[in-house]
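See structure below.
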Amino acid sequence: MKRREFLTLPAAAIGGTLLYTLAGEPLRLKAQDGVVRVPLRFFTAAEARVIAAACERIFPSDASGPGATEAGVAVYIDRQLAGPYGRDKYRYTQGPWVESMPEHGYQGRETPQQTYRQGLKDLGDFAGLSMDEPIAKLKSMERSRFFQLLRTHTIEGMFCDPMHGGNAGLIGWQLVGYPGPRMSYREEVDKHFGEPWRPKPASLEQIMGRPGKLWEDEKD
Amino acid sequence: MLLPEYIYITVGNLTKNGTRREYTVNCWKRAHSCDGTTRMTNLKPVDVAVIGGGWTGLLMAKEITEKTPLSVAVFERGGPHKTADYALTMDEVDYFIRLRMMQNIAEETITHRHSVGKPAVPMRQYGSFLPGTGVGGSGEHWGGLSFRYLPDVFTLRTHLTSKHGAAKLSPDLAVQDWGVTYDDLEPLYWKAEQLLGVSGKAGNLRGQKIEGGNIFEAPRQNEYPTPPLKYSYVSRLFEDAAKRLGYHPHPSPGATISQTYRNPDGVTRPGCEYCGHCQRFGCMIGAKAQPSNTLMPVLAGRSKFQLHTGSWVRRVVHKDGRATGIRFMNNEGQEFFQPAEIVVLASFTLNNVRLLSLSKIGTPYDSAVRKGTLGSHLTQQVQHTTRLFFDKPLNAFMGAGSLAIKFSDFDGDLGFSGAEEGLLRGGIFSVGSTGEGPIRSFGVMPSGVTSETWGSEWKRASMAWKDRVAGINMFGEHLSYWHNFMDLDPTYTDKFGDPLLRFTMDWTDHEHRQREFAAKIHAEVAREMGARFDATPPRRAPYDIVTYQGTHIQGGAVMGMSPHHSVVNRYLQHWDMPNVWVIGGSAFPHNAALNPTLTAMALTHWSADALIGRYLKHPEKLV
């Protein structure tokens, strides 16, 4: 087994969130010196820093509210890539492989894991770029499959249930006023017409009192 | 409410979902011989083998075990499902985005090409349709919309010929009369509606038109079992606008029921809680009718019923013009032969057609000469959606799969003569509140707000438009054409090495016109609703396997009055093999503008009545 790698995040964002290791052991993160160290499943620490920096450009923390770093988006992506999705376990991967028209969707051989590894190479020392260079770099990659995946996964990581590693502290749901999964809206669905109704968000685990069985934790 | 524990009879291991008691009733021994090769194990014969444990297969099993002493064994590829498991599945990532309830596309998919002569490529990830797996099939993750079809749908060839004249109909048009009529099916629709407890409001009760219901529907003998669901904000806006424009909006009939209901089988289900987790999810309280909460509670107690989960049927075995049983694999890769007197194919449209093709039952359709029947009449659903943008929040996270307001003024060929628009058939218009997760609509905004797709400006705009987006949708009737069909792919295979099913399908001018017509109506309604909308006319794009268009794939083993034009007769009995029955969407000669489940169930009753009432007395061809 490879050396365990960690992503270091600001504690204010993610401290106290219950995370699970790849082996399924619960791990209560504790803030140490204002930071937390999240064990990684797919990325190396250096890769995770690059991905986190790129996600932050896609969904920045700014005057309109917190962004990808506070939500722990890189942790979400790390777990998706380590799981069945990342290695195309649930995709038809028999050949022959042919190029086709857009109406036939992605026909490539590359798994999401491979796309990210290549994308990381293309990003290079992204975290070390300064001024407007990161934005220019991402602009130049906008049309690539890697960037498309990264953008999609950043949105997913912002607004997923926190059991998947993103949306830490329900920060994404607070940002858009989503209450989380709830058992019932029977008394509310035909009220509040034209008015925002924004009950305090709660996660699936908070609602159900037990954790979900995540697909990314599926063993082979 | 407690549902009885199900008894799953399994051959080999349950799938990973399996937590139920395991029973092994059939006598068999492990089939590995000394050299490690596997040989086929013969099981004890059953009277009826049903392939597929979804709505139609389990309904057929219920009818047979209720009305006859026959033994019925249902073979389902996936694992068991039960209501209690669904509470922990209210998760947008795993279920809405990664599609965890669907068949494993790595094991089997389809290939697609737009026309003969072009190379077909596999659908490598799900897109245009989503077949479910496990007990209940797609009936577990469906939205629950439960319509009856218009009477002229069942006699479409006759209807169009008398309306337009045979000379005006394209020679490419393959539509035909189904061999049943609405009057045949009316009492069976009612049985299906009671089974599901369908919520709705009658608009035509024994010929009397009732405002507030769908006044264009065919006469019904009974009011719906339960009243309509509540209104959401956007559905109220849509209804008011449609009324002002002179249309006749009505609540959609739906199987996510509005209040507690006890069906004729004694199964009680609660009313919907509007949690917004219907489509692509299972219902955690059983308010949405699913085979697991409606048919399984009845079947589980029947001694003549067996359900084999984790059982992948590969062939219908036959000899001298009659089926002798089925061959299937369990999850451990062991192969079994199940002898049976009657074989019912009741899996998803695609698998019914593929199994018949692989088993060499029937005459494959040859598009070059338009001869043969197996695989012809492939249809899906013509859809067009126009996004609506509002200046007020919609609280769109609340809703239900069947919470929709519709107007049927353009269903069938109502509302237009057909000549001026170049249209033979139209569609129905609706705005739904199915419950929206936070991921799927983030970043949707009116065109022109920003050109950025990431970064600060995009983030601010996306947040500003969050929860202000809805869609008006047209569900159009999809006519069948001789150039849209299914056959076996010469190149790509499933996990066992069996050929995949190949789609040859593209849109024609008629479907493009249906969408262009829809866009005009959408614009009219959107303006009346006071919404911003995208006025770009629909692109005349080829059929695509990427965009979701409804899991309403029909045809391939269609019903009809002659063996030259159909695979099964009007009772869904195979023309060539009297003890093979093929039920479900594969029998539809074209696709109406409405969700197919209720019609598939009414036809299952129709078929079951013929099988039980006539075939068993004289087990030969009924026609």
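Values quoted throughout were computed directly from the atomic coordinates according to the rules given, and no laboratory measurement underlies them. Only a predicted model underlies this, so the values are computations on that prediction, with no experimental measurement involved. Ideal geometry is used to build each Cβ from the backbone, glycine not excepted, and the neighbour counts take in all protein chains shown.
Please state, to two decimals, what the Cα-based radius of gyration of the range B:285-402 comes to when divided by 2.2 N^0.38 Å (N = residues).
Values: Rg = 21.4 Å, N = 118, 2.2 N^0.38 = 13.5 Å.
In units of the 2.2 N^0.38 Å rule of thumb, it is 1.58.
Amide H of B:His318 versus every other amide H placed in the peptide plane: which residues, excluding those fewer than 5 positions away on the same chain, fall under 5 Å?
B:Thr324
Which angle from 0 to 90°, rounded to the nearest 10, does the C-alpha axis of helix B:233-244 make with the longest principal axis of chain B?
70
Quote the charge dipole size of the range B:71-203 about the Cα centre in Debye, to the nearest 20; the model charges only the Cβ of Lys and Arg (+1) and of Asp and Glu (-1).
Working: 13 positive and 15 negative charges, 91 e Å.
That gives a dipole near 440 debye.
Determine the sum of side-chain charges near B:Arg113: Lys and Arg each +1, Asp and Glu each -1, restricted to other residues whose C-beta is under 15 angstrom from that of B:Arg113.
Once positives and negatives cancel, what remains is -3.
Relative to the first principal axis of the alpha-carbon coordinates of chain A, what is the inclination of helix A:145-159, with its axis defined by its Cα atoms, in degrees from 0 to 90 and to the nearest 10?
Approximately 10 degrees, to the nearest 10.
How large is Rg over Rh for the protein assembly as shown, taking Rg from the Cα atoms and Rh as the Kirkwood inverse mean of 1/r across Cα pairs? Walk me through the intermediate numbers first.
Values: Rg = 26.8 Å, Rh = 27.9 Å.
That ratio is 0.96, to two decimals.
List the lysines whose alpha-carbon lies under 28 Å from that of A:Lys139, not counting same-chain residues fewer than 8 positions away?
The reachable lysines, counting only those whose Cα sits under 28 Å from A:Lys139, are A:Lys121, B:Lys459, B:Lys466.
Excluding residues on the same chain fewer than 8 positions from B:Lys304, give the lysines whose Cα lies under 19 Å from its Cα.
B:Lys44, B:Lys62, B:Lys67
Give me B:Phe517, B:Phe475 sorted ascending by neighbouring Cβ count inside 10 Å, so fewest comes first. Can you show the working numbers first?
On the way: B:Phe517 21, B:Phe475 28.
Taking fewest neighbouring Cβ atoms as first place, the list is B:Phe517, B:Phe475.
Can you tell me what share of the DSSP beta bridges in the protein assembly as shown is antiparallel? A percent to the nearest 5 is fine.
Working: 66 of 97 bridges.
Taking every DSSP beta bridge within the protein assembly as shown, about 70 percent pair in antiparallel fashion.
GluC sites (Glu not before Pro), restricted to the range A:174-209: which are DSSP loop and have at most 12 other Cβ atoms within 10 Å?
On the way: sites: A:Glu187, A:Glu188, A:Glu205; in loops: A:Glu187, A:Glu188.
Qualifying residues, ordered by number: A:Glu187.
May I ask for the angle, rounded to the nearest 10°, between helix B:182-196 and the longest principal axis of chain B, with both axes built from Cα atoms and the value confined to 0 to 90°?
On a 0 to 90 degree scale, this one is about 90.
For the range B:215-227, in order, what is each residue's ³J(HN,Hα) by Karplus, 6.51 cos²θ - 1.76 cosθ + 1.60 with θ = phi - 60°, in whole Hz (x at glycine and Pro)?
5, 8, 6, 5, x, 10, 8, 9, 5, 4, x, 9, x
With θ set to phi - 60°, apply the Karplus curve 6.51 cos²θ - 1.76 cosθ + 1.60 along the range B:499-510 and write out the HN-Hα couplings as whole Hz, x wherever there is a Gly or Pro.
x, 6, 7, 10, 8, 10, 7, 8, 6, 10, 3, 4
Across the range B:555-561, in residue order, what do the Karplus-derived ³J(HN,Hα) couplings come to in whole Hz, using 6.51 cos²θ - 1.76 cosθ + 1.60 with θ = phi - 60° and x for Gly and Pro?
Working through the residues one at a time gives x, x, 9, 7, 8, x, 9 Hz.
Taking Cα centroids, how far is the range B:447-501 from the range A:159-220 in Å?
25
Can you give the local net charge around B:Val449? Use residues other than it whose beta-carbon is closer than 14 angstrom to its beta-carbon, Lys and Arg +1, Asp and Glu -1. Please report the intermediate quantities before stating the final value.
On the way: positive: B:Arg387, B:Lys459, B:Arg460, B:Lys466, B:Arg468, B:Arg532; negative: B:Asp391, B:Glu452, B:Glu457, B:Asp534.
Charge balance near B:Val449 sits at +2.
Only Cα pairs under 8 Å and at least 6 apart count here; give the relative contact order of the range B:179-285 as a rounded whole percent.
Working: 155 pairs, mean separation 27.4, N = 107.
Value for the range B:179-285: 26 percent.
Using alpha-carbon positions, what is the distance between the centroids of the range B:157-188 and the range A:48-86, in Å?
Here the answer is 55 Å between Cα centres.
Determine the alpha carbon to alpha carbon distance for each of B:Lys371/B:Lys520; B:Lys118/B:Lys371; B:Lys288/B:Lys617; A:Lys137/A:Lys213; B:Lys82/B:Lys617; A:Lys191/B:Lys82 and list only those over 27 Å.
B:Lys371/B:Lys520; B:Lys288/B:Lys617; A:Lys137/A:Lys213; B:Lys82/B:Lys617; A:Lys191/B:Lys82
Tell me the relative contact order for chain B as a rounded percent, counting alpha carbon contacts under 8 Å between residues six or more apart. Let's see the in-between values first.
Values: 1511 pairs, mean separation 131.9, N = 623.
Once divided by the residue count of chain B, the mean separation gives 21 percent.
Check cross-link reach from B:Lys191 to the aspartates and glutamates: straight Cα distance under 17 Å, and skip same-chain residues fewer than eight apart.
B:Lys191 reaches B:Glu63, B:Glu66, B:Asp183, B:Glu223, B:Asp265, B:Asp609.
Please report, for the Cα atoms of chain B, the Rg to one decimal and the Dmax as a whole number; what are they, in angstrom?
23.7, 78
For a quick check: with amide H placed at 1.01 Å from N, whose amide H comes under 5 Å from B:Asn42's, ignoring anything fewer than 5 positions away on the same chain?
Hits under the 5 Å cutoff: B:Phe337.
I'd like the distance between the alpha-carbon centres of the range B:132-152 and the range B:356-414, rounded to an integer number of Å.
Answer, in whole Å: 12.
Which one of B:Ser170, B:Val72, B:Ile215 is farthest out on the positive end of the charge dipole of the protein assembly as shown, using unit charges on Cβ (Lys, Arg +1; Asp, Glu -1) and the Cα centre as origin?
Selected residue: B:Val72.
Tell me the Rg and the Dmax, in Å, that the Cα atoms of the range A:6-217 produce.
18.5, 55
Quote the relative contact order of chain A in percent (integer), defining contacts as alpha-carbon pairs under 8 Å separated by 6+ residues. Before the final figure, lay out the partial values.
Working: 309 pairs, mean separation 45.8, N = 220.
This gives 21 percent for chain A.
Quick one: A:Trp97, A:Trp173, B:Trp465, B:Trp581, fewest Cβ neighbours within 10 Å first, how do they rank? Can you show the working numbers first?
Numbers: A:Trp97 13, A:Trp173 25, B:Trp465 19, B:Trp581 28.
Fewest-to-most Cβ neighbours within 10 Å comes out as A:Trp97, B:Trp465, A:Trp173, B:Trp581.
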